[in-house]
Amino acid sequence: MFPSLRSSAATFLVVLGLGSGVSHARALKSDELPVSPSQIDSRKRVSAQQSILDTRLTSDQIEESKINDLYQEVVKIHLQGDYEGAADKYRSLVIPMAETTHSDITRRKFLFLSYRGLGNCYLAMSRFAEAEETFQRLFEYLPIRPGMENSDSAINFESIAMARMGQQRWKAAEESLQKAVTIFDDQIGLAVTSGPDPMQNERANKLRMSQDMALNLFAVVYFREQRYVEALGILERAYRQGITFRAPSDVVEQIVDDGRAVSLAAGDPDAIAIWSKRVPQGPTSP
C-alpha cells in the first residue's frame with residue numbers, strides 16, 4: 001500500500017554504502033624509490049637502519065597501491081550492479097590479499113572497505129542474515145582516526161539495522177538505529193562545539209545528513225510496528241533538521257514521501273494536511 005516505505009532501506013542503501021570510506025591510494029612516482037648509494041652525500045650517509053626503514057615504507061606503499069588497484073576494480077563491478085560478481089571478488093581476491101599485507105594500517109583499511117562492500121552486496125541480494133554477520137564483523141576493522149571512529153560506527157549500526165529490517169526483526173533494528181542516532185548526536189555536538197571552522201561546519205552537516213537517514217529508517221521500523229504517532233514524530237525531526245541544514249533534495253524527498261504515507265496510514269487529518277503541503281524538491285524552507 002505504501003511503496004515508498006517498503007523501499008526506504010533500498011533507497012538509502014545506495015547512500016550509505018560505498019561512498020564513505022572509499023580511499024584512493026596515490027600511485028608511486030619514480031622519485032619516491034630508495035636512493036642509490038651514488039646519490040647519498042658522503043657527509044650525511046643514511047644509517048643502515050634508516051635505509052631499511054625507507055625501503056620498508058616504499059614497499060608498503062607499493063603493496064597498498066596494488067591492493068587499492070584491485071579494490072577499485074571490484075568497486076566498479078559493484079557500482080554496475082553485479083552484486084554477486086562483486087561479492088565473489090571481495091571474498092576471493094581483495095579480502096585474502098588484505099589479510100596477507102605487511103602493513104597493519106593497510107590491512108585494516110582494506111578489510112574495512114571490503115567487508116563493508118561485501119555487506120552491502122549481501123543487502124542488495126536480500127541475503128540479510130549474511131549481511132548482518134558481515135557488518136558485525138566490520139567493527140573489528142573500524143578506521144582508527146581521531147574524531148572519526150564513532151561516525152563510522154554509527155553508519156555501521158545503520159547498516160546492521162537494514163539487515164535486521166530485511167529479516168523483519170523490528171525490535172532488533174530499532175535497537176541498532178537508536179545506537180546510531182545517539183552516536184550521531186554526540187558527534188554533531190562535538191563538531192559544533194569545536195568552533196566556527198568551515199570544515200567543522202561541513203562535517204557537522206554531513207553527520208546530520210547521515211542522521212536524517214537513520215531517523216527515516218527509524219520511522220520505517222515504527223511504521224511496520226504500526227506505531228504511527230512515533231513514526232510521524234521522528235519524521236518531523238528528520239524533516240526539520242534536513243530543511244534547516246539543507247540536506248540533499250533526495251534525502252528530504254524520501255522523508256516527505258514517507259511522512260505522507262505514514263499520515264495516511266494513521267488516518268490523521270492534521271498530519272495529512274501538513275505533509276501534503278511539503279514540497280520534496282525544495283529543501284530551503286520549512
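The values are calculated or read from the model by the stated rules, or taken from the named source; none is laboratory data. This one's a predicted model, so the numbers in the text were calculated from it and none came from an experiment. Positions of Cβ are generated from backbone atoms using ideal geometry, with glycine treated the same way; all protein chains shown enter the neighbour counts. In case anyone asks, the SASA skips ligands and DNA or RNA and just uses the protein heavy atoms, side chains included. Shrake-Rupley method; radii C 1.70, N 1.55, O 1.52, S 1.80 Å.
Where nothing but the Cβ of Lys and Arg (+1) and of Asp and Glu (-1) is charged, how large is the charge dipole of region 103-179 around its Cα centre, in debye to the nearest 20? Show your work: numbers first, answer last.
On the way: 11 positive and 10 negative charges, 24 e Å.
Around 120 debye, computed over region 103-179.
Think of region 206-266 as having a plus end and a minus end, set by charges on the Cβ of Lys, Arg, Asp and Glu; of V221, A261, T244, T244 sits farthest toward the positive end of this dipole.
Out of the total accessible area of region 177-238 (probe 1.4 Å, heavy atoms of protein only), what percent is carbon and sulfur? Let's see the in-between values first.
On the way: 1570 of 2830 Å².
Roughly 56 percent, rounded to a whole number.
Per residue, the accessible area of region 135-286 comes to 46 Å², computed with a 1.4 Å probe over protein heavy atoms only.
The GluC sites (Glu not before Pro) of region 187-286 meeting both criteria, a DSSP state outside H, G, I, E and B (loop) and at most 14 other C-beta atoms within 10 angstrom of the site's C-beta, are E225.
Would you tally the net charge around A204, using a Cβ to Cβ cut-off of less than 13 Å, leaving A204 out, and scoring K and R as +1, D and E as -1?
Working: positive: R203, K206, R208, R246; negative: D185, D186, D197, E202, D212.
Residues near A204 contribute -1 overall.
With a Förster radius of 30 Å applied to the C-beta separation of E202 and R224, the computed FRET efficiency comes to 0.30.
Report the calculated FRET efficiency for E99 and T244 (r = Cβ-Cβ distance, R0 = 41 Å), to the nearest 0.05.
Working: r = 45 Å, r/R0 = 1.09.
For E99 and T244, the calculated efficiency is 0.40.
Measuring against 24 Å, Cα to Cα, the residue pairs K66/K89; K89/K179; K179/K277; K66/K109; K76/K171 contain K89/K179; K179/K277; K76/K171 as the ones spanning a longer distance. Report relative contact order for region 64-149 in percent, whole number only (criteria: Cα-Cα under 8 Å, sequence separation at least 6). Once divided by the residue count of region 64-149, the mean separation gives 26 percent. Given axes a ≥ b ≥ c from the Cα gyration tensor, I'd like to know whether region 136-286 is rounded (a/c under 1.5), prolate (a/b larger than b/c) or oblate. Oblate, since a/c reaches 1.5 and b/c is not below a/b.
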